[in-house]
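Since every read-out is calculated from the coordinates, none of them should be taken as a lab result. Just so you know, these numbers come straight off a predicted model, no measurement behind them. Glycine also receives a Cβ, built like all others from the backbone with ideal geometry; neighbour counts cover every protein chain displayed.
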Amino acid sequence: MSKYPLLRVDHEALRGNMKQVISWCNDAGIEVAGVIKATTGMASVALDYEYCGAKWIASSRLEQLQRARAEGVKLPLMMIRVPMLSELSEMIEICDYSLQSEFATLRALEEEAVKVDRQHKVILMADLGDLREGFFELEELVDVAKYVETKFDFVKIAGIGTNLGCYGSVMPTKEKMEQFAGYAEAVESAIGRKLEIISGGATSSLIPLFEKEMPKRINMLRIGAISFCGPQEDLRTSYGRAEVDIMSDEAFMLQAEVIEVKKKASHPIGKLGVDAFGQKPKYKDRGMRQRALLAIGRADFGDITDIVPQIEGVEVIGASGDHTIVDIEDCKEVIKVGDVLKFKLKYSAILRLTSSENVKIHETDRLYGINI
Ligand SMILES: *Cc1c(COP(=O)(O)O)cnc(C)c1O
């Protein structure tokens, strides 16, 4: 089998990022749940989080958590996609914690937990306006919390959580965080005890932390993206934040092989219909241009804007499922068939590349003395 396309995972760089973000959080009295879903749940990444001081390993998929445990992760495991009714029995076997937003699901969970005589901790989600998961009304959140606390023996409330910047692109402002801390206090007074976990969001909630606006009550963040992307996760997190520049954006790098180099017209020739994905893109006529074709495609990385070429003058101009076209007219280096081009990766490219069976994963790790 060929060596390419290849995804290189640099665990030194990854752990550097994890240690940095965990230390920022710890300094603010916040513990970190290491979220591994963006790497399709690579167990080695979960082990990195454990080594770097995360207190939970979290994913949106049970298979990934199960694999992490099988590969030696000792930390408590947390399911962070609100579970399906149909996976509750499995979830109880695999996880110690889960996020919840439906009373019906909590009731079914209690039944399952009774059956297998095992406790399970839940974090009730509050939707502060981002409009994905969570109780929309504080009153319902409080009522459900009170019911679970007083009526259930096996399902235990660990705390409350919220999620921002996923669907509604709502920012974790000081006001939102304070509103959320207020929710925590409302739940605490309803159940008559302090909550173990007040989980104030994901990577994007580092913004109020950097701004020193995070309410003291918030004691957990669920962190994925920034550990993998570093300063490259520019859109939501590090925008304008000098702090993040000390992190690495090279923990995950793609290498793809050149299979054709030719001078071609930049505008397609003939009557135009639709492309490989049924779209009608606009093409700019820039005359004849030198271009290279790579043996990797959207089936592997998703969107061309999520892979960033590392040679100056190389521009990704298009891709179909299994081919990627780069313009190299302005590139000073000579690029020929058989060469390998490197790319930095944005979040969703990491997510897809780690799950593509076409892509070989090469992990380097001096700590464990492995070159897998
Ligand atoms: C994906 C996810 C996270 C982690 O988000 P990042 O932006 O990768 O840090 C946290 N919480 C929930 C509920 C998630 O689905």
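Fully extended, how many nm does the chain gain between K151 and C166 (0.36 nm per residue separation, minus their Cα-Cα distance)?
Values: separation 15, 0.36 × 15 = 5.40 nm, distance 3.29 nm.
Working it through step by step, the gained length comes to 2.1 nm.
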Provide the percentage of antiparallel DSSP beta bridges, counting only those with both residues in the chain; round to the nearest 5. 45
Roughly how tilted is helix 138-151, in degrees to the nearest 10 and between 0 and 90, from the longest Cα axis of the chain? 60
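Within the stretch 254-333, which chymotrypsin sites (Phe, Trp or Tyr not before Pro) sit in a loop by DSSP and count at most 10 neighbouring Cβ atoms inside 10 Å? Working shown, then result.
Details: sites: F277, Y283, F301; in loops: F277, Y283.
Answer in residue order: F277.
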Across all Cα atoms of the chain, Rg and the largest Cα-Cα distance (Dmax), in Å, are 23.2, 74
Relative to the longest principal Cα axis of the chain, at what angle does helix 11-27 sit, 0 to 90 degrees, rounded to 10? 40
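Which chymotrypsin sites (Phe, Trp or Tyr not before Pro) from the stretch 134-191 combine a DSSP loop assignment with at most 14 other Cβ atoms within 10 Å? Let's see the in-between values first.
Details: sites: F135, F136, Y147, F152, F154, Y167, F180, Y183; in loops: F136, F152, F154, Y167.
Those that pass, being in a loop and sparsely packed, are F136, Y167.
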Tell me the relative contact order for the chain as a rounded percent, counting alpha carbon contacts under 8 Å between residues six or more apart. 18
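Near Q66, within a Cβ-to-Cβ distance under 15 Å, what is the net charge of the other residues, with Lys and Arg +1 and Asp and Glu -1?
Working: positive: K37, R61, R67, R69, K74, R81; negative: E63, E71, E87, E90, E93, D96.
Residues near Q66 contribute 0 overall.
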For the chain, find the longest principal axis of its Cα atoms and tell me its angle to the long axis of helix 103-116, 0 to 90°, nearest 10. 80
Where chymotrypsin sites (Phe, Trp or Tyr not before Pro) fall in DSSP loop in the stretch 1-96, at most 16 other Cβ within 10 Å: none
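Going by average Cβ density within 10 Å per residue, which order do the peptides 107-115, 292-300 take, highest to lowest? Can you show the working numbers first?
On the way: 107-115: 17.3, 292-300: 21.0.
By packing density, highest mean first, the sequence is 292-300, 107-115.
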Lysines with Cα under 19 Å of K280, excluding same-chain neighbours fewer than 8 positions away: K271
List residues of the stretch 333-359, by number, whose backbone nitrogen lies under 20 Å from a label position 7 Å along Cα→C-beta of A276. 337-346, 348-359
Exposure-ranked with fewest Cβ neighbours within 10 Å first, S227, S320 stand as S320, S227
Kindly write out, for the stretch 344-357 in residue order, the coupling ³J(HN,Hα) from the Karplus curve 6.51 cos²θ - 1.76 cosθ + 1.60 (θ = phi - 60°), rounded to whole Hz, with x marking Gly and Pro. 7, 10, 8, 3, 6, 5, 4, 4, 6, 4, 6, 10, 8, 6
Plugging the Cβ-Cβ distance of K19 and V337 into 1/(1 + (r/R0)^6) at R0 = 30 Å yields, to the nearest 0.05, a FRET efficiency of 0.15
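Taking 0.36 nm per residue of sequence separation and subtracting the Cα-Cα distance, how much length would be gained by fully extending the chain between V82 and R289, in nm to one decimal?
On the way: separation 207, 0.36 × 207 = 74.52 nm, distance 4.96 nm.
Separation in residues times 0.36 nm, less the Cα-Cα distance, equals 69.6 nm.
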If you add up the charges near M125, with Lys and Arg at +1 and Asp and Glu at -1, over every other residue whose beta carbon is less than 13 angstrom from its beta carbon, what do you get? -3
